[in-house]
Structures are given as structure tokens and as C-alpha cells.
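Engineer: Below is a structure I'd like to ask you about.
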Amino acid sequence: MKKYLAILVLAFLLFGCTGGGGQPPQQQPPAQPPSTNQTPPVTPPPKPSPFPMKIVYEMVQGTMQGGILVNQTIEITYWLEDEKNCSARASVLGLATMQGVGGGGQPYAKVTVYLDNGDVVASNWQQESDLSFDTAKPQAADIDFLLLMNYIFNSAGKNFMNDPIWNSTEPIILKEVNVFGSESNISITKLSESTSGVVPCTEFSVVVRGTTSSEQLIACVARITDTNPLPYIVYLKPKGGEGGPNWKLKSVGKVKTLTQQEWNTCNQQGGSVESIRDSNNCITEYKCMSLKERAEMQIKNSQGPDCQVSQQIVDALATCWEQQKNADFERGNQGCVTAVRCP
């Protein structure tokens, strides 16, 4: 179980009819003019894709530093973007990143998720500058943060996507399953629906019994719907709250990353890439913004929705930033920004 921090999971896959004879023609009746009362067939609109998706996890890991147990927060982000057919299987391709591990490391991995059974594979971890080169290699891991339940079921030769366990509270036993870095027997039982996470989810009891240790976990996974094809983990925690792996969904949204070329072009034009958020503080897009656009957004976010944004104040804030100074705001009785202080 101690190998649950092993980096994700995965491997990146490269993308990389006649007729015959018949009866002699029969005499046909004269053609009739088309009826004006007929309604032309209606072609339904294409089903909207759930992708791109940005899924962010936060995991707290206890580490020993100088004989003292210190909690370390690690953030794991999945960018799932391009739908493809890999080996005749519907898949989605993307990236995974990990922050907070320390020591710099190699924070990017290319990711493929198979939509038929939730199998996730990824490459070795690389620097961002290496992503444009075809050097990524498949790399096995002991655990998958995104689709943990699929990982367990796939390891046992079953498919969590359509398993009867979704509609039953009877426990199932998966025997001699190679997960968590060793061979284990795993008991899984559906519990109840939960709304305590970022999105509603279904809780399962997961009891892992290995040769040298055992764990009792609660895994809550998102329901498969028309808009969500993946039963991703919403939270995983030890039963009782202590020991064992522990991570939770921090946010999920329909957000697409910018390409490296888009980032470079933005920087060359003197702009910067900023995250745009909705009223729930969820990121909805990434946008290249000029200094004055950033200043206007900063002022809007620093005052009430009924306050006006003065172009004079926007210019003053942008000028302050150009001088690489920290700005502060003066406010009126209604909390609206009335001036910029630039020491």
C-alpha cells in the first residue's frame, strides 16, 4: 500500500462493400409530384462531447522530516482533450501533471484513457519542453488516481463500467489482484449516494487484504451519465479517517489547455495567460490577456458587481505593473475602487 504515490499509471499510445443481379425491371406507375404536406426528416444535432475535461486532485501525504511527520500537499491534474480511436477502441488523449512533489522532477505525462473500460495508461514523466518530441514511453505504476475503481476491476479481468455492483449492495470478492504494488484479495461493497464532494458520487467500501497488511477504504466515484462517461474518483479516504491513501477531487470543468505555441505567442506579444473563473470560482477557460485587460479584470474582481470600472484607474494599475510595483486600491463607501496607490 505504501506504493500508492507511484506516479500515475499509464502508457501513451501513438496516434496516433458490392451487389448482385436480380429480377427484370418491372413497369413502374407514373411518378407522383411530392406532397407539400410531408414533413422533411429532422436530423438530430450531434451529441455534445464531454471533452475537454480538466480534473484536479489534491492529496495529503505524510513524510518524515528530521524525525517529525510533516504533511505534504500534492496536486494532480488531468487534461483530457482529444477523442480518438486507439486500436479500434474509443479513447481520449491528454496530459497529467503533478505539483508539490519537490525537487523539480518531471511533472508531465502523456495520458490515454480507454472509454470502454476506463483503462488508463500514461507515459514516463517528462519536462514540459520534451512534450513536443516523440520520446514518451509507456510506464507501469501501482495505482491510478483518476479511475481507481476501474483500475482494480480491470486488474481482476472485470469491467467496472457495467458491473452489476452498481445496482446491488451485495459484496463481491476479487481474488489475487495485483494492485497497490502487491497481490491482494479485495472486497468491494456499494454503500450509498453522497453529496459531500465537489460533485455527487456513489460510495463503495473497498477492503484490501494483502500478504502482510490490510486496508479499509471508502471510495466515492462520479456516476456515468450522458455528459460524464468516466466514473472518476471524487474522494478516497481510509475508513476511520487515518492512515492509508487519501485524496479528493478539487475541481472538474470543461477546460482546454493552450498549446505551447499559443503560450509562446502570447508572451511574445507582451501578454500573459490568465485563468477565467465563474461565480463558483471554477476555471472556465484560459485566455491570453494584455496588461490593461489583466488590470481591468483585477479591478472587476476586487469590487462589487454593481461598481463601474474607470478606464483611468485601469491605466493607472497597468502603469504600476509596468514599473514592477505592487499596487493597492482606495475604495469608496460602496466598496468600489476609486483610485490606485502605487508606492
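The values are calculated or read from the model by the stated rules, or taken from the named source; none is laboratory data. Every value quoted in this text rests on a predicted model; they were computed, and no experiment measured them. FYI the Cβ positions are ideal-geometry reconstructions off the backbone, even for glycines, and counts take in every protein chain you see.
Engineer: Among the residues of the stretch 277-306, count how many are at pLDDT 75 or above, closer than 21 Å to A327 by Cβ and out of contact with any Leu (no Cβ under 6 Å at 6 or more places or on another chain).
Structural biologist: Our first condition is that a residue be at pLDDT 75 or above; within the stretch 277-306, this holds for 285-306.
Now restrict to residues that are closer than 21 Å to A327 by Cβ: 289-304.
Next cut, out of contact with any Leu (no Cβ under 6 Å at 6 or more places or on another chain) only: 289-294, 296-304.
The qualifying residues number 15.
Engineer: For the stretch 144-194, which residues satisfy the criterion of being β-branched (V, I, T), in contact with a Leu (Cβ under 9 Å, 6 or more places away or on another chain) and farther than 17 Å from S214 by Cβ?
Structural biologist: Hit for the stretch 144-194 is T169, nothing else.
Engineer: Could you figure out which of (1) surrounded by fewer than 18 Cβ atoms within 10 Å (Cβ to Cβ); (2) among the aliphatic types (A, V, I, L, M); (3) at negative phi; (4) at pLDDT below 90 isn't true of A90?
Structural biologist: That leaves (4) as the condition not met.
Engineer: Consider the stretch 101-113. How many of its residues are modelled with pLDDT of 90 or more and among the polar types (S, T, N, Q)?
Structural biologist: Qualifying residue count, the stretch 101-113: 1.
Engineer: Here's a check for you: in the stretch 63-78, which residue that is exposed (fewer than 12 other Cβ atoms within 10 Å of the Cβ) and part of a strand (DSSP E or B) is modelled with the highest pLDDT? I'd like the intermediate steps shown before the answer.
Structural biologist: Kept after step one, since they are exposed (fewer than 12 other Cβ atoms within 10 Å of the Cβ), are these residues of the stretch 63-78: 63-71, 73.
Among the residues that remain, those that are also part of a strand (DSSP E or B) are: 63-65, 68-71, 73.
Details: T63: 66, M64: 63, Q65: 68, I68: 74, L69: 66, V70: 69, N71: 72, T73: 82.
Going through the qualifying residues, I end up with T73.
Engineer: Just wondering, is there one or more residues in the stretch 202-209 that are in the same structural domain as N154 (by TED's automatic domain parsing), within 23 Å of N159 (Cβ to Cβ), surrounded by fewer than 16 Cβ atoms within 10 Å (Cβ to Cβ) and in contact with a helix residue (DSSP H, G or I) (Cβ under 9 Å, 6 or more places away or on another chain)?
Structural biologist: No, the stretch 202-209 has no match at all.
Engineer: Also, I was wondering about something else. Filter the stretch 114-154 for residues that are surrounded by fewer than 17 Cβ atoms within 10 Å (Cβ to Cβ) and in a helix (DSSP H, G or I); which is modelled with the highest pLDDT?
Structural biologist: So, considering only residues that are surrounded by fewer than 17 Cβ atoms within 10 Å (Cβ to Cβ) and in a helix (DSSP H, G or I), the one modelled with the highest pLDDT is D130.
Engineer: Which one of N326, N267, N333 is over 30 Å from P231 (Cβ atoms), within 30 Å of the chain's Cα centre (by Cα) and not assigned by TED's automatic domain parsing to the domain that holds E81? Full working, then the answer.
Structural biologist: Details: N326 fails: within 30 Å of the chain's Cα centre (by Cα); N333 fails: within 30 Å of the chain's Cα centre (by Cα).
It is N267.
Engineer: Any chance you could count how many residues in the stretch 169-201 are surrounded by 13 or more Cβ atoms within 10 Å (Cβ to Cβ) and among the polar types (S, T, N, Q)?
Structural biologist: Residues flagged as surrounded by 13 or more Cβ atoms within 10 Å (Cβ to Cβ) and among the polar types (S, T, N, Q) within the stretch 169-201 amount to 6.
Engineer: On the basis of being among the charged types (D, E, K, R) and in a helix (DSSP H, G or I), does E330 make the cut?
Structural biologist: Values: among the charged types (D, E, K, R): yes; in a helix (DSSP H, G or I): no.
When the stated conditions are applied, E330 does not pass them.
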